[in-house]
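Structure first, then comments.
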Amino acid sequence: MRIRHLLILILLLSLSCKSDNDDRQEAIRSINIDLRLVRFDSIFMNTSANDVVQLRETYPQFFPTDLPDSVWVNKRRDSLLNVIYKEVKEQFPTSKSLHAQLEKLFQHYSYYFPKREIPDIYTIAEYVDYRNKVLMNDNDLIISLDNYLGEDHRFYADFENYISKLQARHQILPDVVKALGNNLIPKENDRSFIAQMIDRGKTLYLKDRLIPFVKEHHRLGYTEEELKWANANEEQMWRYFVENELIFSTKKNLLNRFIYNGPFSKFYLKFDKESPPRLGRFIGREIVRAFAKEHPDVSLQRIIKLDAETIYKDSKYKPTSN
């Protein structure tokens with residue numbers, strides 16, 4: 001009889017969670033988004049030299065006032081930029097798919113951050129600066145489409161694999177959320193390893209909430225195999241950090257080893273080359289997830305503003321073997 005009652009309770013809790021999630025998703029889908037997506041790459045490359053003045057007046061954010069019009073005329077004629085634009089145009093002939101994806105993202109954004117304005121979104125074709133793939137300036141969000149032509153594209157032939165694998169179309173939305181997060185998440189002044197993990201973990205958790213329709217390994221910038229590795233070794237990684245007294249360490253090399261991008265994470269153990277990069281961020285996200293599960297009434301807005309110490313202490317994070 002006790003087992004029966006327990007099973008009924010579990011079923012009721014499951015139905016309750018499903019209902020709450022369904023209600024949330026229905027509310028999100030019902031949000032009307034007036035999303036402005038401008039293909040500035042096409043506009044710029046199809047503007048004649050005689051129309052540069054008008055273009056400057058219409059889109060002043062792209063034209064620094066200290067540069068003469070001749071700079072933009074010459075740029076428009078640049079042979080390399082024309083090759084890049086041609087490739088962008090082939091990969092992104094229309095904006096329909098991208099617009100639909102961004103609309104879903106900003107429906108979630110408006111749900112969780114109703115007082116925030118939806119930015120105007122512009123696409124550009126530049127010179128493949130993978131460090132600045134998506135930028136946010138005031139209320140403009142700029143996506144450099146030349147960085148999303150596919151990891152095997154010839155433009156990225158000289159890139160390290162851990163960089164080129166992020167030059168794919170499926171990284172556009174995660175990168176957009178990262179740019180939004182730079183404006184939403186307060187700067188973390190605590191330089192301890194745990195604080196830096198949680199700081200990056202907040203951004204990954206933001207991706208979980210704003211683009212849940214994107215595959216998890218893409219939200220993390222991982223392959224499916226890398227995500228499986230991280231999940232399978234979470235407890236061992238945490239034990240390593242604890243046993244080696246790294247949690248509250250402020251050693252700068254920990255950022256290079258576990259936070260910044262690279263070919264793999266650096267435990268200085270035999271399995272290093274099997275590990276995915278940025279595992280400190282992965283652990284940070286798991287801590288933020290644990291906090292959110294422990295405190296379901298705390299809003300997403302509140303979570304990303306909480307200090308790392310509070311999140312860590314109140315998360316009761318304790319990974320177990322899968």
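The values are calculated or read from the model by the stated rules, or taken from the named source; none is laboratory data. Owing to the predicted nature of the structure, the values given are computational and were not obtained by experimental measurement. Neighbour counts run over all protein chains shown; Cβ positions are idealised from the backbone, glycine included.
Out of the residues in the range 92-128 meeting the condition of being touching a strand residue (DSSP E or B) at 6+ places or on another chain (Cβ under 7 Å) and among the acidic types (D, E), tell me which one is nearest to L180 (Cα to Cα).
D120
Consider R281 against the criteria (1) out of contact with any Leu (no Cβ under 7 Å at 6 or more places or on another chain); (2) under 24 Å from K178 (Cβ atoms); (3) assigned to a helix (DSSP H, G or I): it satisfies all of them except one. Which criterion is unmet?
Just one mismatch for R281, condition (1).
Residue check: is K215 modelled with pLDDT under 95 and either aromatic (F, W, Y) or not assigned by TED's automatic domain parsing to the domain that holds D129 (or both)?
The answer is no for K215.
Take the residues in the range 101-154 that are of a type in the set (A, V, I, L, M) and part of a strand (DSSP E or B); name whichever of them is farthest from I211 (Cα to Cα).
Looking at the filtered set, the residue picked out is I124.
Among the candidates V288, V298, V242, which residue alone is β-branched (V, I, T), within 17 Å of the chain's Cα centre (by Cα) and not assigned by TED's automatic domain parsing to the domain that holds E160?
The match here is V288.
Of all residues being part of a helix (DSSP H, G or I) and of a type in the set (S, T, N, Q) in the range 29-64, which is nearest to F92 (Cα to Cα)? Just the residue, please.
Only one residue tops the list, namely S42.
If I ask for residues that are among the charged types (D, E, K, R) and buried (at least 18 other Cβ atoms within 10 Å of the Cβ), which ones from the range 183-220 would you list?
D199, R200, K202, K207, D208, R219
Looking for whichever is basic (K, R) and more than 18 Å from R200 (Cα to Cα) here; the options are R278, R239. Which one fits?
Answer to the check: R239.
I'm trying to understand the selection: among the residues of the range 65-95, which are in a helix (DSSP H, G or I) and of a type in the set (D, E, K, R)?
Correct list: D69, K75, R76, R77, K86, E87, K89, E90.
Can you work out which of the residues in the range 46-99 that are of a type in the set (D, E) and more than 25 Å from G150 (Cβ to Cβ) is surrounded by the fewest Cβ atoms within 10 Å (Cβ to Cβ)?
Applying the filter and picking the extreme gives D66.
Across the range 243-261, what is the number of residues that are surrounded by fewer than 18 Cβ atoms within 10 Å (Cβ to Cβ) and closer than 14 Å to R200 by Cβ?
Of the residues in that region, 4 qualify.
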